[in-house]
């Protein structure tokens, strides 16, 4: 047994599990408010697809010595399905339709990968096909918070970029990156290396803007700021002088 490989696999399982559970705080807020507010459902759908493909890739008949990849991603897929269903239920009509279409796309892609890998491919060609599919969508998953990072820079607020989610993106990406390097598996190392870098960027943004307030209302451009401005109390108009000259 390659001990360092196994150790980083265990650490990767632990950090990935915390990553999958980090949005619980966000979804508690969503359920309490009965609204998805400005949170994006895209990362959860992409994470679901990544978990499904990675769990499939890690199975022994697809990729030997990667069973630890399957265990945590199988668990992650179950968790992400719950998040996606909650998001679809409570999102506004337009967002609901978009996330539902993405969810359908995820199931379609996963079904195609299973069908092709089982019926048309064998041995190393199966590993390459499933590895490329898992790596591509893993990179997309890690890149999905880029829109939130843009919102953080624009509003100078980290309200919609939870700290623990960013932290565990970094830890998960780093641990699986090392796991892939030790196991000489580029399909694990490359996308998780990207995740490690993006996680680092998110943490840097968090520490830059964590103590800063949102931009002033008159400069607000995002939806939540516009709503806040609309609820601002109007200034009292100056009363006319009651002692005007009589006709």
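Each reported figure results from applying straightforward, stated rules to the coordinates on display, with no laboratory input. Just so it is clear, the structure is predicted and the values come from calculations on it, not from any experiment. Note that each Cβ is placed from the backbone with ideal geometry, even for glycine, and that neighbours are counted across all protein chains shown.
Quick look at the numbers
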{"read-out": "Alpha-carbon Rg/Rh ratio, for the range 3-221, with Rh computed the Kirkwood way", "value": "1.00"}
{"read-out": "Taking N as its residue count, the alpha carbon Rg of the range 1-114 over 2.2 N^0.38 Å", "value": "1.18"}
{"read-out": "Radius of gyration and Dmax over the Cα atoms of the range 61-172, both given in Å", "value": "16.9, 51"}
{"read-out": "Separation of the residue 150 and residue 207 label points, Cα + 7 Å toward Cβ, nm", "value": "2.6"}
{"read-out": "Relative contact order (%) - the range 3-221, alpha-carbon pairs under 8 angstrom, separation at least six", "value": "26"}
{"read-out": "Principal semi-axes in Å for the range 153-216 [√(5λ), Cα gyration tensor, largest first]", "value": "30, 9, 7"}
{"read-out": "Length-normalised contact order for the range 33-157 - Cα pairs under 8 Å, 6+ apart - percent", "value": "34"}
